[in-house]
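The values are calculated or read from the model by the stated rules, or taken from the named source; none is laboratory data. What you see is a predicted model; the values in this text were computed from it and never measured. Neighbour counts run over all protein chains shown; Cβ positions are idealised from the backbone, glycine included.
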């Protein structure tokens, strides 16, 4: 796959925007292939995570339901991070297919393309739910003004982040920056790294 930074980022922004609208009306789907298919799957975990967090903040939810939601949040958050790295691996595959290697002295960016796409995913969810607030018929003018101002800031942030991602990808595909994948894992999901989990296992063994 030949990745063109501007066209790719525009496609990512459309995908995230359209999927959020569609998934609020039907079960989440993934009609995309290749790298956009990976982006869509990562976006889906953010969508599921967002709505579990909404449930967790409800004052009417029982403690038992909160415990279930917390486990779901942990799971979705792990998958969200795993698929961020899959996006980066997809970009690295594209670099390999185009025989692109870093130039001498190429620098590492503080954020990977996958991390930026994750932030854009969350921003698309925030914009969707902020727009919902404008459609309410039980709010006053001050609420509408406050939401309108926040929505404008979100859209500006999304546009700025999208442009930054274009520039990062341009640098990577020009060899000016290096992209690495570190294959990290959330410690709280690993029974050998979470002190509560391995401590409990030690007590059982005793």
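Okay, residues lined up against (1) in contact with a helix residue (DSSP H, G or I) (Cβ under 6 Å, 6 or more places away or on another chain); (2) modelled with pLDDT of 95 or more:
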| position | (1), (2) |
| --- | --- |
| 41 | yes, yes |
| 46 | yes, yes |
| 54 | no, no |
| 67 | no, no |
| 103 | no, yes |
Next item on the list: Just give me the residues in the range 165-175 being more than 15 Å from residue 98 (Cβ to Cβ) and more than 16 Å from the chain's Cα centre (by Cα), in sequence order.
Entry: 166, 167, 168
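Residue by residue, here is whether (1) under 17 Å from the mean Cα position of the chain (by Cα); (2) exposed (fewer than 13 other Cβ atoms within 10 Å of the Cβ) holds:
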{"site": "79", "(1), (2)": "yes, no"}
{"site": "92", "(1), (2)": "no, no"}
{"site": "104", "(1), (2)": "no, yes"}
{"site": "125", "(1), (2)": "yes, no"}
{"site": "133", "(1), (2)": "no, no"}
Notebook entry, point to check: Just to be sure, is residue 12 in a helix (DSSP H, G or I) and surrounded by fewer than 16 Cβ atoms within 10 Å (Cβ to Cβ)?
Noted result: no
Next item on the list: Report yes if residue 152 is surrounded by fewer than 17 Cβ atoms within 10 Å (Cβ to Cβ), within 17 Å of the chain's Cα centre (by Cα), in a helix (DSSP H, G or I) and at pLDDT 95 or above, otherwise no.
Entry: no
Next item on the list: Could you tell me which residue of the range 27-55 is farthest from residue 3 (Cα to Cα), considering only residues that are part of a helix (DSSP H, G or I) and free of Cβ contacts under 8 Å to residues at least 12 places away in the same chain?
Entry: 54
Next item on the list: Tell me, please, whether a residue that is farther than 28 Å from residue 177 by Cα and either part of a loop (DSSP other than H, G, I, E, B) or modelled with pLDDT of 95 or more (or both) can be found in the range 78-101.
Entry: no
